[in-house]
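**Student:** This is the structure I have questions about; it appears just below.
No lab work stands behind these numbers, since they all come straight from the coordinates. Quick caveat: nothing in here was measured; it's all calculated off a predicted structure. Virtual Cβ from ideal backbone geometry, glycine too; neighbours counted across all protein chains shown.
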Amino acid sequence: MVQAGSFQGDSVNKLGEKDIRFTRNKANNVVYAIVLGWPAEPILARSLGFSVATSPGKITRVELLGTGASVDWKQQADAPRVELPKNYRPKVDYAVALKLTLS
């Protein structure tokens, strides 16, 4: 089990595609989601769903940072669902960075 807070020892080795970290811009209209592993399934960022307590707002655009690749996505009540391009493979596959623009 990985404890909350800063990385402890080799706990980073236990992180994977289900572990997502977030940051935002100062205007609070862009959220960056860093998925700590290359997902085999669609990404579900549960902190950004319509019905969650954080009330993130409506997502208007999702980008896969560092690429020109488009992603398929849909914001749902429990989480936005993001599907990465099937043919895209990065040079390194230990993280995915998404830029989510909010209205």
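**Student:** Which one is nearest to Thr67 (Cα to Cα), of the residues in region 90-103 that are charged (D, E, K, R) and surrounded by 10 or more Cβ atoms within 10 Å (Cβ to Cβ)?
**Tutor:** Lys99
**Student:** Just to verify a result, which residue in region 16-46, among those that are of a type in the set (A, V, I, L, M) and loosely packed, with under 15 Cβ neighbours inside 10 Å, is nearest to Val62 (Cα to Cα)?
**Tutor:** Looking at residues that are of a type in the set (A, V, I, L, M) and loosely packed, with under 15 Cβ neighbours inside 10 Å, I get Ile34.
**Student:** Step by step: first the residues of region 50-75, then only those that are surrounded by 13 or more Cβ atoms within 10 Å (Cβ to Cβ), in contact with a Ser or Thr (Cβ under 8 Å, 6 or more places away or on another chain) and among the β-branched types (Val, Ile, Thr), then the one that is farthest from Ala27 (Cα to Cα). Which residue is that?
**Tutor:** Val62
**Student:** How about region 57-103: which of its residues are over 11 Å from the mean Cα position of the chain (by Cα), in a strand (DSSP E or B) and free of Cβ contacts under 8 Å to residues at least 40 places away in the same chain?
**Tutor:** Asp72, Trp73, Lys74, Gln75, listed by residue number.
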